[in-house]
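So the structure is just underneath, and the comments pick up after that.
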Amino acid sequence: MSAASIANAKDTVADPVLHPAVKAKAEIFRTIYEDGTWEKTLLVSFPDERRALSTFDGSVVVRGVMNHGIDPACKHDPHHHTPEDSISYLQNIQNTMLRHMGAEGSHIVKMGTAVDIDNVAVVQLEQAPYVVTILATAGARSNAMRIGTDMGTYVNHPGPRGTINMILLTNANMTTGAMARAMITMTEGKSAALQDLNVQSSYTDGAQATGTGTDSITVVAGNDGPNVQFAGGHSLLGGLIGKAAHQAVIEALYKQNGFTLPKGDGK
C-alpha cells in the first residue's frame, strides 16, 4: 500500500502528531479500490527498538505497531477464511510496513479491525515525569459483549466484527509486569467508557457491554524515561493511562458509530 493510492483528498485526515517525549511517528496508509472499498493501515514507528506487550504477539521487541483496517465490504478481506489466512494476510501487511520503514528483519506488532482507521482517536496526557499517548480505533455496533454474561462459541477464531483497539505509548520505562498491569488499567478505562456511553450488549437484551469480542491492546515501553514497576490506578502513571483510555474510547466510538455521552454528562 502507498499514500499515493489515496482516491480523494477529502477522504483523508492528517497523520496524528505524537508528543515528542514518546519518540514515535504515526502515519496512515490508504488503498482505495475501484469499487470504493478500502484498506488503511495506521503505522506507529520508532527510531530504535522498544519492548512491547501485545494481546496478539505477546511480549516482543519491536520497531513499530500497526493497526490494519479493512472495509467490511472489501473482497480482499480474509475474515471469512481460516485463521491462518488472516494471520498470513497481516504478516504480508507487516512486511510492507517494514519495507517502508527500511527495517526489514525487525518486528512490528500486528492489530486488525473493520473500523475506518481515519476515525482514530489520539489522546495525550502529561504530568511530570510522565507522558502518556493512546491511539484508539473503536466500533461497537455489532459485536458488543458483556463478559460474564455473553458466551462465545468459536474455537481459535475471533468471531464477528466489532473491535476496540488501543495502542499505549509512554516515556516510562515499564517492566513487563507494569505493562501487563497497564493492560488491565486500559481495559477498565474502556469498560468505563462503554458504561458512560450506555453501549448495550449485541447479544443479551438489557446487558451493559464491557467490550467487544475482538478487542486488542498493545503497550509500548519507553527507553529513557522513569523506571516503573506498577501501572495500577493508585499510581500516577496508571491514573494517566486509565484517563487517556477512557477519553480515547469515547472519542473513537463517537467518530465511528456516533455514540455520545448523555446530555449534561461532564465526564
Using θ = phi - 60° and the Karplus form 6.51 cos²θ - 1.76 cosθ + 1.60, what ³J(HN,Hα) does each residue of segment 129-139 get, whole Hz, x for Gly and Pro?
x, 10, 10, 10, 10, 10, 10, 10, 10, 8, x
Residue farthest toward the positive end of the dipole of segment 35-78, with Cβ of Lys/Arg at +1 and Asp/Glu at -1: which of 56, 76, 36?
56
For residue 259, other-chain or 5+-apart residues with amide H closer than 5 Å (H placed, Pro excluded) are 254
For segment 113-233, the dipole about the Cα centre with charges only on Cβ (Lys and Arg +1, Asp and Glu -1), to the nearest 20 debye, works out at 200
Among the aspartates and glutamates, which fall within straight-line cross-link reach of residue 40, defined as a Cα-Cα distance under 13 Å, with same-chain neighbours fewer than 8 residues apart omitted?
11, 15, 27, 71, 77, 116, 118
By per-residue mean of other Cβ atoms within 10 Å, what is the highest-first order of 222-229, 249-256, 51-58?
249-256, 51-58, 222-229
In the structure shown, of 23/255; 75/190; 25/255, the pairs separated by more than 24 angstrom at the C-alpha atoms are 23/255; 75/190
Taking the Cα centre of the chain as the origin and placing charges on Cβ (Lys, Arg +1; Asp, Glu -1), which of 240, 18, 220 is farthest toward the positive end of the dipole?
240
Please give the peptides 179-190, 121-132 ranked by average Cβ packing (other Cβ atoms within 10 Å per residue), highest first, as a rough proxy for protection.
179-190, 121-132
Of the heavy-atom accessible surface of the chain (probe 1.4 angstrom), what whole percent is carbon and sulfur?
51
Segment 117-267, accessible area per residue, ligands and nucleic acids excluded (1.4 Å, Å²):
43
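The values are calculated or read from the model by the stated rules, or taken from the named source; none is laboratory data. Since the structure is predicted, the reported quantities are computational estimates derived from the model, not experimental observations. Note that each Cβ is placed from the backbone with ideal geometry, even for glycine, and that neighbours are counted across all protein chains shown. Calculation scope for accessible area: heavy atoms of the full protein, side chains included, ligands and nucleic acids excluded. Shrake-Rupley method; radii C 1.70, N 1.55, O 1.52, S 1.80 Å.
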